[in-house]
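Beneath this line is the structure, given in C-alpha cells, with notes to follow.
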Amino acid sequence: MQLSDMAKSPITKYRANNGKMSLEDFGKLFRPAVDKSTVSRWERGQLPVRRVLEIEKVTGIDRRQLAPKMFKGLEAAVAGTGDAA
C-alpha cells in the first residue's frame with residue numbers, strides 16, 4: 001500500500017474500487033440523493049453521526065473506518081470491558 005493510499009478516506013477508496021465512481025454517482029446512492037460537494041466534505045471527514053450510520057448501511061464501510069475518533073472505544077464498550085474512553 002502506498003502512502004497516498006493510506007491518506008485516502010474510506011469513501012474515496014470505495015469510489016475507486018467501484019468503477020472509479022464519481023462524487024455525483026456516490027451521492028446518488030442515497031435517498032434523497034446528496035450533492036457532490038457534500039460527498040467531498042464527507043471525504044474530508046466532515047461527517048455527522050447520522051450520515052456515518054447511513055453511509056455504513058449503504059456501502060458497508062464500517063463506521064469506525066469512516067469516523068474513527070467518533071467511534072473510539074466502541075468495541076470495548078460493546079464487549080462490556082468498561083474501557084470505552
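The values are calculated or read from the model by the stated rules, or taken from the named source; none is laboratory data. Not measured: the values here are computed from a predicted model. Backbone-built Cβ (ideal geometry, glycine too); neighbour counts: all protein chains shown. These accessible areas exclude ligands, DNA and RNA; they are computed on the full protein's heavy atoms, side chains included. Shrake-Rupley method; radii C 1.70, N 1.55, O 1.52, S 1.80 Å.
Do any trypsin sites (Lys or Arg not before Pro) in region 27-65 lie in a DSSP loop with no more than 11 other beta carbon atoms within 10 Å, and if so, which?
Answer in residue order: ARG44.
Provide the gained length on full extension for the span LYS69 to THR38, in nm with one decimal, where the gain is 0.36 nm per separating residue minus the Cα-Cα distance.
Numbers: separation 31, 0.36 × 31 = 11.16 nm, distance 2.01 nm.
Full extension of this stretch gives 9.1 nm more.
Probe 1.4 Å, all protein chains in place: accessible area of GLU24 in Å², nearest 10?
Near enough 100 Å² of accessible area.
Measure up LYS13/LYS57; LYS20/LYS72; LYS8/LYS69 against 26 Å on the Cα-Cα distance and list the ones that go over.
Working: LYS13/LYS57 16 Å; LYS20/LYS72 30 Å; LYS8/LYS69 16 Å.
Listed pairs above 26 Å: LYS20/LYS72.
Over region 33-75, give the accessible area per residue in Å² for a 1.4 Å probe, as an integer.
With all protein chains present, region 33-75 gives 64 Å² per residue.
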